[in-house]
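A.B. asks: This is the structure I have questions about; it appears just below.
The values are calculated or read from the model by the stated rules, or taken from the named source; none is laboratory data. In this text the structure is predicted, and so the values were computed from the model without any measurement. Cβ: placed from backbone, ideal geometry, glycine included. Neighbour counts: every protein chain shown.
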Ligand code: SAH
Ligand code: SF4
Ligand code: F3S
């Protein structure tokens, strides 16, 4: 997987019918939002929708019908920037023809600030992740007075705790439990785009989780840039995770992204033992070489990481996935081999593998030359990806004939006659619709008949313990 699920643009063309119906006769300005980047951005778009709705804005799933076009952006790698520029070019024409208001929100707005407004004079509004409360006013000024505006101050306390996200229906829900990051990994732009780390009051998080359960959500993902460093009074992340998993009606709880430095035994125990916490940990490695890890500012060595993997695996079958960066400043072939070595030692279920991309303002950009040639970065990335693909396929094929428990999510992307869901390890499962009822939101045992590196294909079990009814 070279393109991370964290970085898939979410096209509103695919929004469910309910959203489109809601906008059909809308009298107020109509807003089209396109979201890029990680799940935190998807969650932020739900917050933005709530803030805008309260002020009389409406939403459309069709960009060409909109009065306001908003892009909630990502700055993590250069290609995230390029993707936005492509989309902006499309809407620049709409601005010339119909005078639509164009807003750039999120991490890129925060990272580039005035430079972006100067370079792209057709952008009307620029708002960073801590400035969303100002968006309705800035849009109103832009619509009524053609006034350009910007809100890019970072805050040390903003958590939007009082805003109820405006989510679309479905069985998957997200909750941001903390925002920002204080780790300053040298390659990473996030501490500059999302500011200082701050955790939400657990009461707000649990209220939100209960509300999601009442709305029919069956799987909750707790989000934070460094989610396991969550702390609020005497609450740590393990306590929060267990409390969310205890909520009636929630079948599965996941979390992303944790940092390997914050893994107390209580957190590993919770993942290993709580029946509603998925036994899956995404454990970003980044590099397996000590000198590179030190340069990256990751606060662990190869052996620290492997010790943590051991501690996790000793508690039982917990699936591990990871993120890796290839070609970081000064990385030699031998140092890259250390990363490969860790990949081989651990055999992750899957991995997101990225070419290092230098980001403005970061410690690495200031301190180390970006000196690994692009083709070398690409070749190392492909070498790991190719190898990982085989491991993922091997692991998936080892499930042939076995029953896996799947949370049913709906029709598969490719066909209305197929259903899909995910295993506890977060592997996609697809099967043909049959007489066996598989209601959305239920847990269904599926026998695996076929597998690729990314997907299991199977058929639901026709006997006895067919479904765990949703409570
Ligand atoms: N908070 C998470 C990372 C979020 S960013 C963590 O600490 O693990 C998601 C992934 O993008 C990172 O894990 C890293 O592998 C990748 N990434 C971040 N900055 C990058 C850069 N400058 N170049 C290439 N990949 C990068
Ligand atoms: Fe970036 Fe490191 Fe923070 Fe993750 S922990 S968001 S990689 S600075
Ligand atoms: Fe991208 Fe910002 Fe998320 S940089 S990955 S949208 S935190």
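A.B. asks: Identify the single condition in (1) within 11 Å of ligand 2 (Cβ to nearest atom); (2) surrounded by fewer than 18 Cβ atoms within 10 Å (Cβ to Cβ) that residue 216 does not satisfy, given that it satisfies every other one.
C.D. replies: Among (1) within 11 Å of ligand 2 (Cβ to nearest atom); (2) surrounded by fewer than 18 Cβ atoms within 10 Å (Cβ to Cβ), the lone unmet condition for residue 216 is (1).
A.B. asks: While we're here: Would you confirm whether any residue within region 389-412 is free of Cβ contacts under 8 Å to residues at least 12 places away in the same chain, closer than 30 Å to residue 313 by Cβ and outside any helix (DSSP H, G or I)?
C.D. replies: Yes, region 389-412 contains at least one residue that is free of Cβ contacts under 8 Å to residues at least 12 places away in the same chain, closer than 30 Å to residue 313 by Cβ and outside any helix (DSSP H, G or I).
A.B. asks: A further question follows. Considering only region 197-209, I want to know if a residue exists there that is within 18 Å of the chain's Cα centre (by Cα), surrounded by fewer than 22 Cβ atoms within 10 Å (Cβ to Cβ) and farther than 13 Å from residue 237 by Cα.
C.D. replies: The answer is yes; a qualifying residue exists.
A.B. asks: Let me ask something else about it. Go through (1) more than 16 Å from ligand 2 (Cβ to nearest atom); (2) in contact with a helix residue (DSSP H, G or I) (Cβ under 8 Å, 6 or more places away or on another chain); (3) under 30 Å from residue 352 (Cβ atoms) and name the single condition residue 101 misses.
C.D. replies: (3)
A.B. asks: How many residues are modelled with pLDDT of 95 or more and within 14 Å of ligand 2 (Cβ to nearest atom) when one looks only at region 360-390?
C.D. replies: Residues flagged as modelled with pLDDT of 95 or more and within 14 Å of ligand 2 (Cβ to nearest atom) within region 360-390 amount to 4.
A.B. asks: Oh, and also: In region 336-359, what residues are within 14 Å of ligand 2 (Cβ to nearest atom) and either within 14 Å of residue 293 (Cα to Cα) or more than 23 Å from the chain's Cα centre (by Cα) (or both)?
C.D. replies: Scanning region 336-359 gives a single hit, 356.
A.B. asks: Same structure, new question: Of the residues in region 223-253, how many are surrounded by fewer than 24 Cβ atoms within 10 Å (Cβ to Cβ) and within 16 Å of ligand 3 (Cβ to nearest atom)?
C.D. replies: Summing the residues that are surrounded by fewer than 24 Cβ atoms within 10 Å (Cβ to Cβ) and within 16 Å of ligand 3 (Cβ to nearest atom) in region 223-253 gives 4.
A.B. asks: Among the residues of region 208-226, write down those that are in contact with a helix residue (DSSP H, G or I) (Cβ under 8 Å, 6 or more places away or on another chain) and either within 30 Å of residue 299 (Cα to Cα) or at pLDDT below 95 (or both).
C.D. replies: At the first step, the residues of region 208-226 found to be in contact with a helix residue (DSSP H, G or I) (Cβ under 8 Å, 6 or more places away or on another chain) are 209, 220-225.
Matches in region 208-226: 220, 221, 222, 223, 224, 225.
A.B. asks: Still on this structure: Give me the residue from region 427-441 that is buried (at least 18 other Cβ atoms within 10 Å of the Cβ) and touching a residue at least 40 places away in the same chain (Cβ under 8 Å) and, out of that set, farthest from residue 398 (Cα to Cα).
C.D. replies: The residue in question is 441.
A.B. asks: Follow-up. Here are 50, 75, 94, 89: which of them is surrounded by fewer than 20 Cβ atoms within 10 Å (Cβ to Cβ) and either touching a residue at least 60 places away in the same chain (Cβ under 8 Å) or within 16 Å of ligand 3 (Cβ to nearest atom) (or both)?
C.D. replies: 50
A.B. asks: Confirm whether residue 288 is part of a loop (DSSP other than H, G, I, E, B) and either within 14 Å of ligand 1 (Cβ to nearest atom) or touching a strand residue (DSSP E or B) at 6+ places or on another chain (Cβ under 7 Å) (or both).
C.D. replies: In short, yes.
A.B. asks: Within region 227-257, count every residue that is within 16 Å of ligand 1 (Cβ to nearest atom), modelled with pLDDT of 95 or more and not in a helix (DSSP H, G or I).
C.D. replies: Residues meeting the conditions: 4.
A.B. asks: Okay, moving on. Looking at region 345-373, which of its residues are in a helix (DSSP H, G or I) and touching a residue at least 40 places away in the same chain (Cβ under 8 Å)? So that I can check it myself, show each step before the final result.
C.D. replies: Of the residues in region 345-373, the ones in a helix (DSSP H, G or I) are 345-346, 363-367.
Those that are in a helix (DSSP H, G or I) and touching a residue at least 40 places away in the same chain (Cβ under 8 Å): 346, 363, 364, 367.
A.B. asks: Let me ask something additional. Search region 103-118 for residues being more than 10 Å from ligand 3 (Cβ to nearest atom) and farther than 20 Å from residue 141 by Cβ, and hand back the single one that is surrounded by the most Cβ atoms within 10 Å (Cβ to Cβ).
C.D. replies: 112
A.B. asks: A further question follows. Out of 168, 221, I need the residue that is more than 15 Å from ligand 2 (Cβ to nearest atom) and assigned to a strand (DSSP E or B). Which one?
C.D. replies: Exactly one residue qualifies, and that residue is 221.
A.B. asks: Does residue 22 meet the test of being at negative phi, out of contact with any helix residue (DSSP H, G or I) (no Cβ under 6 Å at 6 or more places or on another chain) and either more than 16 Å from ligand 1 (Cβ to nearest atom) or at pLDDT 85 or above (or both)?
C.D. replies: Yes; evaluated as a whole, the condition is true for this residue.
A.B. asks: Say we look at region 63-78 and pick out the residues that are over 9 Å from residue 36 (Cβ atoms) and in a loop (DSSP other than H, G, I, E, B); which of these is farthest from ligand 2 (Cβ to nearest atom)?
C.D. replies: Selected residue: 67.
A.B. asks: Related question: Would you mind telling me which numbered condition in (1) modelled with pLDDT of 95 or more; (2) in a loop (DSSP other than H, G, I, E, B) residue 339 fails?
C.D. replies: For residue 339, the exception is condition (2).
A.B. asks: Could you pull out the residue among 390, 344, 337, 402 that is more than 16 Å from ligand 1 (Cβ to nearest atom) and within 30 Å of residue 216 (Cβ to Cβ)?
C.D. replies: Working: 390 fails: within 30 Å of residue 216 (Cβ to Cβ); 344 fails: within 30 Å of residue 216 (Cβ to Cβ); 337 fails: within 30 Å of residue 216 (Cβ to Cβ).
So the residue among 390, 344, 337, 402 that is more than 16 Å from ligand 1 (Cβ to nearest atom) and within 30 Å of residue 216 (Cβ to Cβ) is 402.
A.B. asks: Okay, next question. If we scan region 150-160, do we find a residue that is in a loop (DSSP other than H, G, I, E, B), within 19 Å of residue 35 (Cα to Cα) and more than 14 Å from ligand 2 (Cβ to nearest atom)?
C.D. replies: yes
A.B. asks: Is there a residue being at pLDDT 95 or above, closer than 19 Å to residue 374 by Cα and assigned to a helix (DSSP H, G or I) anywhere in region 259-280?
C.D. replies: Among the residues of region 259-280, not one is at pLDDT 95 or above, closer than 19 Å to residue 374 by Cα and assigned to a helix (DSSP H, G or I), which makes the answer no.
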